[in-house]
1. What's the ranking of 200-206, 225-231 by average number of surrounding C-beta atoms within 10 Å, highest first?
2. Assuming R0 = 25 Å, what is the FRET efficiency of T132 and T241, from their Cβ-Cβ distance, to the nearest 0.05?
3. Note the full-extension length gain between A310 and V168 as 0.36 nm times their separation in residues minus their Cα-Cα distance, in nm to one decimal.
4. Sort all Cα-Cα distances of region 177-279 into consecutive 5 angstrom bins from zero, then give the percent of pairs in each bin up to the one containing the longest distance.
5. How far apart, in nm, are two points set 7 Å out from the Cα along the Cα-to-Cβ line at L150 and at R199?
6. In which sequence would T198, T317, T117 go, from the one with the fewest C-beta neighbours within 10 Å to the one with the most?
7. Can you check what the net charge comes to around V208, using other residues whose Cβ is under 13 Å from the Cβ of V208 (Lys, Arg +1; Asp, Glu -1)?
8. Could you work out the local net charge near K147, counting Lys and Arg as +1, Asp and Glu as -1, over the other residues with Cβ closer than 15 Å to its Cβ?
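Throughout, read-outs are computed from the coordinates displayed, never taken from laboratory work. What you are looking at is a predicted structure, and each value in this text was computed from that prediction instead of being measured. Cβ placement follows ideal geometry from the backbone for every residue including glycine, while neighbour counts extend to all protein chains displayed.
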Amino acid sequence: MPFLNTDIPELTGFDTGLCLSNLDILAARQDRLSESMLAMLSELADAIIRDAAGDPDTVDSILLSLQSMPDGEEEDKTAHPMLERVAPVNREAIARMSTHSGLYARLLLYAMLEERTPAAPPAKPLPLLPQTVRGRIAYMPAAFADKAYLKLAAGVNSPRAAATASFVDACEEVRGGLCEYCILPLESTHSGKLAAFTRLILRYNLRVVAVCDLENGAADGQITRFALLRAADGAFPTPLTTPAEGESLYLEFIHRDGASSLTELLTAAEFCGVTVCRLDTLPLYDELDMEAAESASVGLVCDVAGSDLAVFRRYLTLEASDNILIGLYSSI
């Protein structure tokens, strides 16, 4: 520490050489601890991959079983059958990493598992929709909405417009299986997040797959963001189009009061290179079947080339599944 001024009064009478020596010893111990942790995580990742025979779903099952392991010395293996396939030393490792302080260790483990897991097969195609439904986009016609339709429809195969009398009717068309997509306003520079339309997304269990921004010609600088949505299929959201190099993906979800720690979730996002672009407080308790309370709408930006979205997705799935995904989308 050459920058340390040994003439300051607080250090008078102290053996600075001994202090510096102790600091070197502590630093060396920290390095050994880090190396030990990395070795333990690597061994644990190998064991999980081996026990799961490389199957990603079984990997998640093992991780969930380990994380839900009951406290105490006695284990109820009938409640956690996957535990029988994991060595006791690895169960202890997971237990030590189950606290908040072990978040980085768990994320690092997820990253190691991603590296060791064989490339996933192509995603299963969505259920084949009837020809009369595929490409149909429900929206309420208006001058502004027509422009949004033209932009968003550019990413849809064989798009066809289906006019509706209201935004609710557009959502009903998708839920009823008459249209594949619908279009809703999402936010504006004048009003911010449009909570009424977020309520519709939750009520009809929709997912945003693409957005476009339109300038309001009647007011300088005002922009409205429109969203293209489809029915949730139970899987992690899939964007309509793959962003080009240098572009970003947007991940949005609703975090409820009393759910998993928002601070921990944002810390995990930062670890994975996923940055927060917005955080809004919305009164959505009616749609979430909650008492009078507010929820947070969280928007994250994923750098396609620089972020580790797969690791963050595993974290969301395993540790923060009580958050409600709104969509994963790019801007058209």
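1. Working: 200-206: 18.9, 225-231: 24.4.
Descending mean neighbour count gives 225-231, 200-206.
2. On the way: r = 24 Å, r/R0 = 0.96.
E(calc), rounded to 0.05, equals 0.55.
3. Working: separation 142, 0.36 × 142 = 51.12 nm, distance 3.40 nm.
Here the answer is 47.7 nm.
4. Cα pair-distance distribution for region 177-279, in percent: 2, 10, 17, 21, 21, 18, 8, 3, 1.
5. It works out to 3.3 nm between the two label points.
6. On the way: T198 22, T317 14, T117 18.
If I rank by nearby Cβ atoms, fewest first, I get T317, T117, T198.
7. On the way: positive: K193, R207, R225, R230; negative: E187, E252.
Net charge in that neighbourhood comes out at +2.
8. Working: positive: K151, R225; negative: D146, D213, E215.
That sum, taken over residues with Cβ under 15 Å, equals -1.
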